[in-house]
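Below is one structure; the comments refer to it alone.
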Amino acid sequence: MPLHVSCNFDSGNIVCLSADDPADIRLEIAKDNQSDFYMWFHFRLTGAKGTPCTLKIMNAAGAAYPKGWEDYRAVASTDRETWVRVPTSYADGVLTIEHTPATDAVWYAYFAPFSMERHADLVARAQQADGVTLDVLGETLDGQAMDLLRIDGGPGSEKRNFWAIARQHPGESMAEWWMEGFLARLLDPADRTARALREKATFHVVPNMNPDGSRRGHLRTNAGGANLNREWSEPAMDRSPEVFLVRQRMQTTGVDFCLDVHGDEALPYNFLAGMMGIPSLSETQKALQKVFSDALLAASPDFQTKYGYPDAKPGKGNMTLCSNWVAEEFGCLALTLEMPFKDNADRPDATFGWSPARCKAFGAAHLDAMAAVLAALD
Ligand SMILES: [Zn+2]
């Protein structure tokens, strides 16, 4: 049976240059539409059962973050549920995956994919819970719905408004795996922390900020090539409707806390970023950041504060970023969370690396940190 490479499906991305020789399968990653960014890949290989394969991504050097290929291992799956790490190396600008498929079809990806079908399942499941409203804020450039889940625990007055958004960068699929774990716990009626949080705060949750990029198999931009996390100071409906619509709703509800969930290509750690460079940074905001960070350290052994991005200098923050714009606009705590594509180097997992299961557990742990912030706000 001849080898065949395909990617014409949800979040697929690859260009097959040559699949004549299993020892020399040559591939390229396609750029995001109307953009030069690329790094996300997801494709299926068939016809290689039991055959040692060498898959080469020839244009890896030009990817958005070539440092992301160092000490990186791709994921593979035979059932599209369980994704395991496979031997991968990066040299001379080429990313090479060595793998012998155990089945007729095997899927490879940059990180475990989170499809728009799975997003639909997530939203459908969430709306079954008491107090959850699914609100469509509007449409993306490709005509997909911008889903917002509003989660209320009761009629209390003076409720806080907590926001959580994920996947502005669509290739960072770990962000929506995080959402799955976060929402499962937040909506669990038996979880006392979740119940207490929902009594005092209304949650506004956007599980996927970039449906078009997700479906198209982009790394970083929406359908029109806009990097959504550079659009927050001046979003426009014809360019970045995703940000325009969410920002508009934030201005209606007000924001007391905001977490924007991402993945980082290079650093093998979970870490927080953002806010320190905003012009109006207050002592209260700094104190709340410490409350959140300390509580997250206590809640999850997968979180750390030693490695991360350097803080922006005072007043020099990039105000086009979500967390900076929100922190400045609302004077609240607003943070960016980064998770690794690779693994958590403090607690490595040889089989799975950083994985959907670990993203979900980490998402659930964030309730404890949010509870600490809520207590500090009272
Ligand atoms: Zn990101």
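The values are calculated or read from the model by the stated rules, or taken from the named source; none is laboratory data. Treat the numbers as computed from the prediction; the structure is a model and nothing was measured. All Cβ positions, glycine included, derive from the backbone under ideal geometry; neighbour counts span all protein chains shown. For accessibility, only protein heavy atoms count, side chains too; no ligands or nucleic acids. Shrake-Rupley method; radii C 1.70, N 1.55, O 1.52, S 1.80 Å.
For this structure, a couple of remarks:
- Placing +1 on the Cβ of every Lys and Arg and -1 on the Cβ of every Asp and Glu, with nothing else charged, gives region 118-225 a dipole about its Cα centre of roughly 260 debye.
- For Glu328, solvent-accessible area (1.4 Å; no DNA, RNA or ligand), Å²: 60
- Taking 0.36 nm per residue of separation and subtracting the current Cα-Cα distance, fully stretching the chain between Leu134 and Ser89 would add 11.9 nm.
- For region 69-79, 3J(HN,Hα) per residue [Karplus equation, 6.51 cos²θ - 1.76 cosθ + 1.60, θ = phi - 60°, Hz, x = Gly/Pro]: 7, 6, 6, 9, 10, 5, 10, 9, 8, 9, 10
- Rolled with a 1.4 Å probe across the full set of protein chains, the surface gives Thr88 an accessible area near 30 Å².
- Our summary gives the chain a relative contact order of 17 percent, counting only alpha carbon pairs under 8 angstrom and 6 or more residues apart.
- Bridge type composition, the chain - antiparallel percent by DSSP, nearest 5: 65
- Apolar share of the accessible surface for the chain: 49 percent from carbon plus sulfur atoms, 1.4 Å probe.
- Hits among lysines - C-alpha to C-alpha of Lys159 under 17 Å, sequence gap 8 or more where chains match: Lys200
- The overall shape of region 155-205 is oblate: from the C-alpha gyration tensor, with semi-axes ordered a ≥ b ≥ c, the ratio a/c is 1.5 or greater and a/b is no larger than b/c.
- Spatially proximal lysines relative to Lys342 (Cα-Cα < 19 Å; intrachain offsets below 8 disregarded): Lys56, Lys67, Lys306, Lys360
- Nearest 10 degrees, 0 to 90: helix 174-186 Cα axis against the chain principal axis: 40
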